[in-house]
Amino acid sequence: MSTLTADLNLTELRQGLLSRDISVLEAVEHASRRIQETEPLINALLHVNQEQALRQAEELDRQGPNPARTLWGIPVIIKDVLATKGLPTSCASKMLQDFIPFYDSEAVHRLKQAGAIILGKANMDEFAMGSSNENSAFGPSRNPWDLERVPGGSSGGPAASTAAGQTPFSLGTDTGGSIRQPAGFCGLVGLKPTYGRVSRFGLVAYGSSLDQIGPLTRTVEDAARVLRVIAGHDPKDSTSAPVEVPDYPARLAERPDLKGLTLGIPEEYWDAEGLSPEVNQGCTAALEAARGLGATTVPLSLPSSKYAIAAYYIIVMAEASSNLARYDGVRYGYRDREAKDLIEMYARSRSAGFGPEVQRRIILGTYVLSSGYYDAYYRKAAQVRRLIRDEYDQALRHCDVICAPVAPTSAFRLGEKTDDPLQMYLTDVFTNPLNLTGLPGLSLPCGLGEQTGMPIGIQLFAPAFAETRLLQIAWTLEQELPRLPRPSGLASR
Amino acid sequence: MSAFEAVIGLEVHAQLKTESKLFCACSTHFGEKPNTNTCPVCTGMPGALPVINKKAVEFAAKMALAMQCRINTRSVFARKNYFYPDLPKGYQISQYEAPLAENGCVSIVSGGSFREIRIIRIHMEDDAGKSIHSRHENLSYVDLNRTGVPLIEIVSGPDLRSAEEAVTYLKQLRSILMYLGICEGNMEEGNFRCDANVSLRPLGRERLGVRTELKNMNSFRHVHKALEYEIQRQEDLLSDSEPVIQETLLFDEDSGTTRSMRGKEEAHDYRYFPDPDLVPMELSREAIAGWTAELPELPPAKMLRFQEAYGLPEYDAGLLTAERDLADYFEATVALGPPPKVVSNWIMTDLLREIREKDLVLSRCAFTPERFASLLKLIDSGKISSKTGKQIFPELLLQDLDPGTYVQEKGYVQISDDSELTRILEEVLEENPKELAAYKAGKKKLLSFFMGQVMKKTKGQANPKLVNEKLQELLK
């Protein structure tokens with residue numbers, strides 16, 4: 001018999017709900033209580049949809065359990081970058097503070113179809129631009145493992161929320177590591193699917209060629225369940241792939257061990273300057289566990305990786321400068337009412353509506369696309385991207401998955417890197433390259449750091465649309481890795 | 001004779017007549033209430049994504065094929081970034097480095113001979129909305145109904161040499177677009193628009209002079225006027241050894257002059273880059289072959305065929321083939337028997353005059369080719385006079401009438417029966433013995449008197465040709 005606790009995972013809650021040991025109303029009320037307890041400490045949410053969620057819970061209880069709906073009665077938190085019909089969608093920006101979409105993003109629509117209950121919208125770095133959640137216009141979110149530390153970013157709110165046990169899972173987005181890095185910082189499983197695996201319709205665009213939606217969960221099995229729901233072709237997104245969606249959860253147990261599998265160990269990650277000893281130690285231990293399960297490891301080299309961060313920031317800022325042009329104060333969003341003419345209205349609305357990091361990226365992105373600079377920056381970056389993609393594809397012919405630490409360090413302190421944008425950008429050094437390739441990646445918690453006591457994450461990369469392989473290997477490995485205790489920052493809660 | 005030669009290139013924007021917009025399912029219907037044909041995609045809502053309209057691609061490709069362009073089997077949509085209130089996304093989705101089609105040509109008749117005008121490229125893009133400025137309220141409004149309507153831009157080479165030639169080329173493009181049934185072709189309504197690049201160079205020189213760009217020309221007449229004015233303006237400058245400044249000029253229809261559009265609006269850096277929301281557009285050889293096979297006979301070919309098959313003069317053939325509806329109407333009528341030149345004369349004079357004066361649409365008139373042919377047959381057989389035919393033509397065109405029944409009912413039928421006419425003539429001669437005697441005495445002018453009497457007696461319905469012949473015979 002299941003009882004409601006803060007560390008109940010999706011699969012457990014689902015069993016409890018389907019067996020009616022737990023009513024949907026109880027689950028939603030429990031989640032709401034947990035939000036009330038933890039929000040003053042972690043500031044993970046920007047909007048709580050409590051009333052509507054409770055009504056939906058009562059309705060589902062009346063209808064009775066439906067096992068065909070994978071997420072029946074499960075409360076979920078959505079990163080505020082995903083459009084939710086009738087619910088505020090601010091992207092943690094003053095620009096969209098009062099914006100309420102009249103459409104659902106496709107991923108949210110699919111969650112609802114599967115029976116999930118949208119309980120709230122999560123904090124994030126403004127327009128998903130950041131690695132610590134400190135760029136939110138509505139205050140930073142904090143790491144449940146240590147309230148003085150960041151939860152990572154840009155999906156810092158979803159990660160903090162799920163780690164704090166507000167709901168069993170949350171939906172985030174990953175443009176340069178924004179699911180995997182906060183999942184790693186908060187001791188969660190974070191999955192960035194293959195580009196094109198999940199429809200981007202209704203995902204407020206930051207870097208359109210890099211953005212991808214994925215779950216943050218407590219277990220690999222939970223990630224498999226959510227992916228099964230949100231993946232699949234959507235005619236509303238031209239970049240979504242018409243590739244069949246396997247039954248990920250059903251196929252998890254096909255690999256009881258890792259015999260015969262080869263893990264690629266890229267020196268550019270493992271020998272990187274700035275890789276902290278505790279991260280190295282934690283991730284090395286995870287490799288050891290994998291070998292114990294029968295896997296072999298092979299060293300490999302991905303030499304173009306060193307150009308990845310430069311190429312990534314050029315491309316993402318170029319795309320952002322264009323994607324964010326629509327926030328002009330004309331049709332919706334923040335408008336300066338004092339402006340005397342059109343140009344002034346644009347300038348004042350955008351200067352006041354966007355935070356400093358968003359403005360920095362728009363200006364840099366505008367610069368790299370400008371006439372006379374396009375070839376030197378954007379075109380060159382696109383060529384480097386091609387090179388990196390080829391290199392990763394090539395490497396994955398010699399191994400089944402590539403393994404790397406999620407980030408050079410565990411979660412850093414609030415304010416530690418805010419004065420130096422470049423230092424902040426470098427925290428993405430291990431996650432950026434994957435988005436340039438479009439390949440899927442999964443971050444898996446592999447223990448707590450010896451120095452900081454903070455969670456350490458290892459990530460696995462697989463070939464395009466090989467999420468089944470990724471999840472299977474992670475699921476098998478997960479059994480051998482240390483189970484994390486409850487987050488220490490909320491010990492008394 | 002001027003010492004300078006004008007060099008003109010045109011950029012034509014044609015709205016494609018698809019049911020829905022280029023990147024969303026909204027209707028393209030014109031004249032709806034402002035901001036009703038809209039959705040998250042075309043209003044640039046956060047998170048909305050574009051999906052290409054396949055019909056628009058087909059239409060654009062057909063125009064490219066009609067212009068004998070090479071179609072790129074892989075073309076790329078690019079964002080053209082600029083801020084304007086009627087551009088909701090902050091960028092237009094266009095094509096830049098890899099357009100839909102390149103390297104075509106179209107032939108026009110200029111100064112009595114054929115000229116080949118090169119087509120540099122044809123690309124697809126989405127239209128912007130409309131800003132409405134109210135001086136009265138000191139407010140501006142934006143209507144996004146037009147936002148996202150598909151456009152093609154057709155860029156000519158710098159091959160046109162005069163205002164007349166430019167207008168001829170424009171009319172040829174419009175005619176082809178309408179033959180293909182892909183554009184309404186109405187310049188006043190803005191679904192067929194053009195900008196012009198103009199420069200002058202000394203006769204015989206290869207190198208191009210400094211050019212200006214002309215905008216805001218909303219009719220063929222404006223295009224002609226603006227180009228004439230600009231060519232003269234540049235010639236005056238060059239003749240005085242003054243430089244032409246490269247700039248964008250707006251045509252002012254009230255004064256008939258061009259004025260500079262200086263300032264920020266002109267200094268655009270569009271920062272084109274491939275649109276990451278749209279995968280490169282791949283067109284299969286099979287699709288292109290299919291569209292090629294579906295192309296109708298186009299004006300230049302049809303014009304030649306009309307000259308050869310129907311023995312029509314070039315002028316007639318050109319006029320009849322300028323619009324597909326008219327050419328079809330001509331052929332359908334001729335197929336029913338009447339001589340081609342007769343049909344052509346009627347079309348070029350009476351038909352086109354009535355259509356223009358009364359602003360009619362031929363295909364919506366009840367006056368079918370069958371009825372047209374039957375009218376011509378009534379005239380040819382002498383049942384009615386040619387004059388009667390011309391008189392009743394406007395009525396027949398406007399109303400749902402069968403010509404045969406109509407002339408019968410209205411009593412327009414001529415008396416052509418030989419014995420009947422002989423009887424009437426004999427009566428007239430009998431009733432006018434004095435005039436008959438005078439005629440026989442040599443007063444031949446009295447022939448018209450007898451003619452008049454016959455007409456009077458028959459209320460004008462006697463066949464004048466036959467009356468004339470018969471009278472001369474009887475009076476011998």
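The values are calculated or read from the model by the stated rules, or taken from the named source; none is laboratory data. Just so we're clear, the structure is a prediction, and the values are computed from it rather than from any experiment. Cβ: placed from backbone, ideal geometry, glycine included. Neighbour counts: every protein chain shown. The area values use the complete protein model at the heavy-atom level, side chains included, leaving out ligands, DNA and RNA. Shrake-Rupley method; radii C 1.70, N 1.55, O 1.52, S 1.80 Å.
Here residue A:140 does not qualify as part of a loop (DSSP other than H, G, I, E, B), in contact with a helix residue (DSSP H, G or I) (Cβ under 6 Å, 6 or more places away or on another chain) and in contact (Cβ under 8 Å) with a residue 24 or more places away in the chain.
Here the stretch A:45-71 is the region considered, the condition is being of a type in the set (S, T, N, Q) and part of a helix (DSSP H, G or I), and the residue that is most open to solvent (accessible area, probe 1.4 Å) is A:63.
Looking at the structure I just gave you, is residue B:89 in contact with a Ser or Thr (Cβ under 9 Å, 6 or more places away or on another chain), open to solvent by 20 Å² or more (accessible area, probe 1.4 Å) and either modelled with pLDDT under 95 or within 11 Å of chain A (Cβ to nearest Cβ) (or both)?
Considered against the rule, which asks whether it is in contact with a Ser or Thr (Cβ under 9 Å, 6 or more places away or on another chain), open to solvent by 20 Å² or more (accessible area, probe 1.4 Å) and either modelled with pLDDT under 95 or within 11 Å of chain A (Cβ to nearest Cβ) (or both), residue B:89 comes out as yes.
Residue by residue, here is whether (1) modelled with pLDDT of 90 or more; (2) open to solvent by 20 Å² or more (accessible area, probe 1.4 Å) holds:
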{"site": "B:349", "(1), (2)": "yes, yes"}
{"site": "B:360", "(1), (2)": "no, yes"}
{"site": "B:363", "(1), (2)": "no, yes"}
{"site": "B:367", "(1), (2)": "yes, no"}
{"site": "B:373", "(1), (2)": "yes, no"}
{"site": "B:377", "(1), (2)": "yes, yes"}
{"site": "B:380", "(1), (2)": "no, yes"}
{"site": "B:384", "(1), (2)": "no, no"}
{"site": "B:391", "(1), (2)": "no, yes"}
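Please work out if residue B:298 is free of Cβ contacts under 8 Å to residues at least 60 places away in the same chain, surrounded by 13 or more Cβ atoms within 10 Å (Cβ to Cβ) and either farther than 22 Å from residue B:53 by Cβ or within 24 Å of the chain's Cα centre (by Cα) (or both). No: the conditions fail for residue B:298. The combined condition, being touching a helix residue (DSSP H, G or I) at 6+ places or on another chain (Cβ under 8 Å), under 24 Å from residue A:212 (Cβ atoms) and not in a helix (DSSP H, G or I), is not fulfilled by residue A:464. Select, from B:242, B:282, B:286, the only residue that is at pLDDT below 95 and open to solvent by 50 Å² or more (accessible area, probe 1.4 Å). None of the others qualify; the one that does is B:242.
Of all the listed residues (A:42, A:74, A:100), the sole one being open to solvent by less than 50 Å² (accessible area, probe 1.4 Å), more than 20 Å from residue A:178 (Cβ to Cβ) and of a type in the set (Val, Ile, Thr) is A:74.
When each of B:209, B:185, B:190 is tested for being in contact with a Leu (Cβ under 7 Å, 6 or more places away or on another chain), under 23 Å from residue B:122 (Cα atoms) and at pLDDT below 95, the lone residue that passes is B:185. Among the residues of the stretch B:258-269, at least one is without any contact (Cβ under 8 Å) to a residue 24 or more places away in the chain, farther than 30 Å from residue A:318 by Cβ, away from every other protein chain (no Cβ under 14 Å) and not in a loop (DSSP other than H, G, I, E, B). Of the helices (runs of 4 or more DSSP H) lying entirely inside the stretch B:400-443, those containing at least 3 residues that are buried (at least 18 other Cβ atoms within 10 Å of the Cβ) and of a type outside the set (Ser, Thr, Tyr) are B:418-431.
One line per residue, one yes/no per condition, for (1) in contact with a Lys or Arg (Cβ under 7 Å, 6 or more places away or on another chain); (2) open to solvent by less than 10 Å² (accessible area, probe 1.4 Å); (3) small (Gly, Ala, Ser):
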| position | (1), (2), (3) |
| --- | --- |
| A:123 | no, yes, no |
| A:126 | no, yes, no |
| A:156 | no, yes, yes |
| A:172 | yes, yes, yes |
| A:176 | no, yes, yes |
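Each residue in the stretch A:92-137 was checked for being more than 14 Å from chain B (Cβ to nearest Cβ), over 26 Å from residue A:184 (Cα atoms) and in a loop (DSSP other than H, G, I, E, B), and 2 pass. The residues on offer are A:439, A:422, A:481, and the sole one that is open to solvent by 10 Å² or more (accessible area, probe 1.4 Å) and in contact with a helix residue (DSSP H, G or I) (Cβ under 9 Å, 6 or more places away or on another chain) is A:481.
Yes/no matrix, rows are residues, columns are (1) out of contact with any Asp or Glu (no Cβ under 7 Å at 6 or more places or on another chain); (2) without any contact (Cβ under 8 Å) to a residue 12 or more places away in the chain; (3) more than 14 Å from every other protein chain (Cβ to nearest Cβ):
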position: A:163; (1), (2), (3): yes, no, yes
position: A:170; (1), (2), (3): yes, no, yes
position: A:184; (1), (2), (3): yes, no, yes
position: A:200; (1), (2), (3): no, no, no
position: A:206; (1), (2), (3): yes, no, no
position: A:220; (1), (2), (3): no, no, yes
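On the basis of being modelled with pLDDT under 95 and either of a type in the set (Asp, Glu) or open to solvent by 40 Å² or more (accessible area, probe 1.4 Å) (or both), does residue B:255 make the cut? In short, yes.
Hand me the list of helices (runs of 4 or more DSSP H) wholly inside the stretch A:179-258 holding 1 or more residues that are among the charged types (D, E, K, R), surrounded by fewer than 24 Cβ atoms within 10 Å (Cβ to Cβ) and over 15 Å from the mean Cα position of the chain (by Cα).
By residue number, A:220-230, A:248-251.
The residue that is farthest from the other protein chains (Cβ to nearest Cβ), counting only those in the stretch B:58-84 that are closer than 28 Å to residue A:324 by Cα and open to solvent by less than 20 Å² (accessible area, probe 1.4 Å), is B:75. Considering B:40, B:50, the condition of being under 30 Å from residue A:328 (Cβ atoms), touching an Asp or Glu at 6+ places or on another chain (Cβ under 6 Å), within 14 Å of chain A (Cβ to nearest Cβ) and in a loop (DSSP other than H, G, I, E, B) is satisfied by B:50 alone.
Looking only at the stretch A:259-272, filter to residues that are more than 22 Å from residue A:210 (Cβ to Cβ) and part of a loop (DSSP other than H, G, I, E, B); which one of those is most open to solvent (accessible area, probe 1.4 Å)?
At the first step, the residues of the stretch A:259-272 found to be more than 22 Å from residue A:210 (Cβ to Cβ) are A:259-265, A:267, A:270-271.
Filter once more, so that each one left must be part of a loop (DSSP other than H, G, I, E, B): A:259-261, A:271.
Numbers: A:259: 147, A:260: 72, A:261: 11, A:271: 114 Å².
Selected residue: A:259.
The set of residues in the stretch A:4-21 being open to solvent by less than 10 Å² (accessible area, probe 1.4 Å) and free of Cβ contacts under 8 Å to residues at least 24 places away in the same chain consists of A:16 alone. Restricting the search to the stretch A:31-48, which residues are under 24 Å from the mean Cα position of the chain (by Cα) and farther than 19 Å from residue A:156 by Cα? Within the stretch A:31-48, just A:32 meets the criteria. Evaluating residue B:293 against the criteria (1) within 25 Å of residue B:64 (Cα to Cα); (2) free of Cβ contacts under 8 Å to residues at least 24 places away in the same chain; (3) surrounded by 12 or more Cβ atoms within 10 Å (Cβ to Cβ) leaves one unmet condition, (3).
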